[in-house]
Amino acid sequence: MDIESLIGGNLVVLLLAAFVVLCILLGVRIVPQSEKYVVERFGRLRSVLGPGINLIVPFLDRVAHKISVLERQLPNAEQDAITSDNVLVKVETSVFYRITEPEKTVYRIRDVDAAIATTVAGIVRAEIGKMELDEVQSNRAQLISTIKVSVESAVDDWGIEVTRAEILDVNLDQATRDAMLQQLNAERARRAQVTEAEGSKRAVELAADAELYEAEQKAKARRITADAEAYATGVVAKAIAENGIEAAQYQVALKQVEALTTVGQGEGKQVVIVPANAIEAFGDAFKMLKGRG
């Protein structure tokens, strides 16, 4: 074997080895976890490679698109919308999405971000146009949920999943703000007047209740006094009916004695004037007491 044959044989081996290495390099694709590869064969979709080691046919297949499947955020966008009560508002929105089917995204839509932004703007205008301004302010969570569902339905053919849609702010023009401020002040004044009127009404009701309670208590006291007097009168009448006139005279004499005793028990030095018939009263009382004893 001459040198030329040896060199030729080594060259073939080297070329064959280089071809094998090239086939390996072209046929083996390692896909990162955050990406998917779209493979084409002669310009047509062949397959979508997932994360890990993948094999393709060298020279026939090629990786045409490397698509990130990480969640993305569209730039915050602001669009005008008119509510059902003809109020112009500026709505600032933010949308998060991720690509789930790259083969649909790369072959059905050119500019994904612009397409989603346009879709969101149209849906926001349509949904706000169905609501009054107060509903937009108070039902923001419901509005966000409706917009998210509508956007998901619209971009489903693009292999995109909308993970979150947010309404960051709802701004009004200055004229509308001034009108709302006047309305708010008027409502506050009305509530203050209503509160004051209710307070006055309650005060009148309480005063009337107090007067009624006082009248009821006085009537009750008079009724008790009358019952007591009637009872005392009945007792005296019963005593007179059972014991005759002497019982009445005995009660009168006893009261006179008690009255004189009370006067005589006063503090200090005093002169007690006794009526002329007081002695007779004492005598009568003593006689009656003695007779009862």
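Tabulated values for the structure
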{"quantity": "Number of positions in the range 27-49 that are surrounded by fewer than 12 Cβ atoms within 10 Å (Cβ to Cβ) and of a type in the set (S, T, N, Q)", "calculated": "2"}
{"quantity": "Qualifying residue in the range 15-22 (condition: surrounded by 14 or more Cβ atoms within 10 Å (Cβ to Cβ) and out of contact with any Ser or Thr (no Cβ under 6 Å at 6 or more places or on another chain))", "calculated": "no"}
{"quantity": "Filter result (hydrophobic (A, V, I, L, M, F, W, C) and free of Cβ contacts under 8 Å to residues at least 24 places away in the same chain) within the range 26-69", "calculated": "31, 42, 49, 60"}
{"quantity": "Strands (runs of 3 or more DSSP E) wholly inside the range 51-114 that include at least 1 residues being buried (at least 18 other Cβ atoms within 10 Å of the Cβ) and out of contact with any Leu (no Cβ under 6 Å at 6 or more places or on another chain)", "calculated": "61-68, 77-82, 88-99"}
{"quantity": "Qualifying residue in the range 156-166 (condition: exposed (fewer than 13 other Cβ atoms within 10 Å of the Cβ), assigned by TED's automatic domain parsing to the domain that holds residue 97 and of a type outside the set (Ser, Thr, Tyr))", "calculated": "yes"}
{"quantity": "Checklist (1) part of a helix (DSSP H, G or I); (2) within 20 Å of residue 128 (Cα to Cα) applied to residue 178, failing item", "calculated": "(2)"}
{"quantity": "Selected residue (criterion: modelled with the highest pLDDT) from residues of the range 129-143 that are buried (at least 18 other Cβ atoms within 10 Å of the Cβ) and farther than 25 Å from residue 157 by Cβ", "calculated": "131"}
{"quantity": "Pair list, Cβ under 8 Å, 6 or more apart: the range 110-129 residue of a type in the set (A, V, I, L, M), other residue surrounded by fewer than 14 Cβ atoms within 10 Å (Cβ to Cβ)", "calculated": "117/75; 128/82"}
{"quantity": "The range 8-43: number of residues that are among the basic types (Lys, Arg) and either closer than 17 Å to residue 105 by Cβ or not in a strand (DSSP E or B) (or both)", "calculated": "1"}
{"quantity": "Residue check, residue 181 touching a Ser or Thr at 6+ places or on another chain (Cβ under 8 Å) and of a type outside the set (Val, Ile, Thr)", "calculated": "no"}
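The values are calculated or read from the model by the stated rules, or taken from the named source; none is laboratory data. Every value quoted in this text rests on a predicted model; they were computed, and no experiment measured them. With ideal geometry, Cβ positions are generated from the backbone for all residues, glycine too; neighbour counts draw on all protein chains shown.
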